[in-house]
Amino acid sequence: MNNLFEQRAKALRSFMVDLMSQKNNELELLKDEYEPQKEFLRNKRVKNLIGLDEFTAALERLTVEETEKQ
C-alpha cells in the first residue's frame, strides 16, 4: 500500500514539475515577445521622438495586453 502511494506521489510530482516548466516556458516566450516592443518605446522616449503621454499610454497598453495573455 505504501509502495503504491509512493509511486503515485512520485508520478504526481513529476507531472507538476512538467506543468510548471511548461508554464515557465510560456511566460518566457511572452517576455521575449513584449520586451523588444517596450525597449523600442523607451528608446523613442529617450530620443524625444514621442511625448510622455504617448509613451505612457503605449507602455500601459503593452503591459495590459501582456498581462491578459498571462
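None of the figures in this text is laboratory data; all of them are computed from the coordinates on show. All of these numbers come straight from a predicted model, not from anything done at the bench. So basically every Cβ, Gly included, is an ideal-geometry build from the backbone, and we count neighbours across all protein chains shown.
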Original post:
With N residues in region 25-66, what two-decimal value do you get for its Cα radius of gyration over 2.2 N^0.38 Å?
Top reply: 1.22
Original post:
When the helix-only estimate is applied to the chain (DSSP H runs of n ≥ 4, each -39,500 (n - 2.57), divided by the residue count), what is the mean residue ellipticity at 222 nm, nearest 500 deg cm²/dmol?
Top reply: -32500 deg cm²/dmol
**OP:** Neighbouring Cβ atoms within 10 Å as the yardstick, rank Thr67, Thr56 fewest first.
**Re:** Thr67, Thr56
Original post:
Given (1) 3, 15, 16, 13, 11, 8, 8, 6, 6, 5, 4, 3, 2, 1; (2) 3, 18, 27, 24, 17, 7, 2, 1; (3) 4, 17, 31, 26, 15, 6, 1, which label gives P(r) over Cα pairs in 5 Å bins from 0, in percent as computed from the coordinates?
Top reply: (1)
Subject >> Hits among lysines - C-alpha to C-alpha of Lys38 under 20 Å, sequence gap 8 or more where chains match >> reply: Lys47, Lys69
Original post:
Angle, helix 52-69 long axis vs. longest principal axis of the chain, Cα atoms, 0 to 90°, nearest 10?
Top reply: 20
Subject >> Highest-MSF residue in the chain out of Lys38, Lys23, Lys47 [GNM, Cα springs under 10 Å] >> reply: Lys47
Subject >> Rough spin-label spacing in nm, given labels placed 7 Å along Cα→Cβ, for Ser14 and Phe40 >> reply: 4.3
Original post:
Rounded to the nearest 0.05, what FRET efficiency is calculated for Asp53 and Leu30 with R0 set to 22 Å and r the Cβ-Cβ distance?
Top reply: 0.25
